[in-house]
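J.: A single structure is presented below for examination.
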Amino acid sequence: MAPQIANLTLWIKEILDGEFAALRSDNLVPNYITGGPSFPDAASSAALSSVAYRVAHVFPQTFGTNYTDVAAKIRDAVVGNITNLGTMQPIVNPLPDPFPYWNQTGLLSTESQAFGLMMLSAWRDWIGA
């Protein structure tokens, strides 16, 4: 099982390194890293932040403060953009009409809300609350 854990850890590190390098000045990752419409996406940013907190909690020797510092920036940006109704913004429109999908921002996405909860839960576990 050790080789599989090592591979998975390496792949997670590669994904986080690549995505965190694409972080925008507003501390959110873009909808598309290359090609396609590029606007900030709080949902995918929250999902990545949750992964960083989780792996930092499980593998602190591999995923140190360089990952949790970026996760905190993302968390602050996501929480700072929550609307008065409690929805995350900006997010990808999950049901755009007409096709093609994911080329515009949306108002509500249950998936984005779930990613936000995953991020906050992972952060809570990481800080030991």
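The values are calculated or read from the model by the stated rules, or taken from the named source; none is laboratory data. Source: prediction; values computed, not measured. Every residue, glycine as well, gets a Cβ built from its backbone with ideal geometry; the counts of neighbours run over all protein chains shown. With ligands, DNA and RNA removed, areas are computed over all heavy atoms of the protein, side chains included. Shrake-Rupley method; radii C 1.70, N 1.55, O 1.52, S 1.80 Å.
J.: Let's test the formula: R0 of 22 Å, r as the Cβ-Cβ distance of His57 and Lys13. What FRET efficiency results, to the nearest 0.05? Write down the numbers at each step before the final one.
T.: On the way: r = 15 Å, r/R0 = 0.68.
Result of the calculation: an efficiency of 0.90.
J.: Please express the Cα-Cα pair-distance distribution P(r) of the chain as a list of whole percents, one per 5 Å bin, running from 0 to the bin with the greatest distance.
T.: Using 5 Å bins, I get a P(r) of 2, 11, 20, 22, 19, 13, 8, 4, 1, 0 for the chain.
J.: How would you order 38-45, 67-74, 83-90 from highest to lowest mean count of nearby Cβ atoms within 10 Å? All intermediate terms of the calculation are to be shown ahead of the outcome.
T.: Values: 38-45: 22.6, 67-74: 20.8, 83-90: 13.4.
Peptide ranking by packing, descending: 38-45, 67-74, 83-90.
J.: Size of the dipole of the chain about the Cα centre, Lys and Arg at +1 and Asp and Glu at -1 on the beta carbon, nothing else charged, in debye to 20? Can you show the working numbers first?
T.: Values: 6 positive and 10 negative charges, 45 e Å.
So the dipole magnitude of the chain works out to roughly 220 debye.
J.: Which value at 222 nm does the chain reach when only helices count, each DSSP H run of 4 or more adding -39,500 (n - 2.57), with the total divided by all residues and rounded to the nearest 500 deg cm²/dmol? Don't jump to the answer; show the numbers that get you there.
T.: Details: 4 runs with 71 residues, N = 129.
-18500 deg cm²/dmol, from helical runs alone.
J.: Also: Connecting C-alpha atoms closer than 10 Å in a GNM of the chain, tell me which of Leu108, Leu95, Leu117 has the biggest fluctuation.
T.: Taking springs between Cα atoms under 10 Å, the residue moving most is Leu95.
J.: I'd like to know which of Trp123, Leu10, Val51 lies farthest towards the positive end of the charge dipole of the chain, counting +1 on Cβ of Lys and Arg and -1 on Cβ of Asp and Glu.
T.: Trp123
J.: Same structure, new question: Roughly how much of Glu111 is accessible, in Å² to the nearest 10, using a 1.4 Å probe?
T.: Per-residue accessible area (Glu111): approximately 110 Å².
J.: Hey, another quick one. State the percentage of accessible surface on the range 1-58 attributable to carbon and sulfur atoms; use a 1.4 Å probe and exclude ligands, DNA and RNA.
T.: Values: 1930 of 3040 Å².
Accessible surface attributable to carbon and sulfur in the range 1-58 totals 63 percent.
J.: Might you tell me the accessible area per residue for the chain, computed with a 1.4 Å probe and given in Å²? Show your work: numbers first, answer last.
T.: Details: 7470 Å² over 129 residues.
That works out to 58 Å² per residue.
J.: Oh, and also: Taking the Cα-to-Cβ direction at Asn84 and at Thr34 and moving 7 Å from each Cα, how far apart do the two end points lie in nm?
T.: Placing both labels 7 Å beyond Cα along the Cβ direction yields 4.3 nm.
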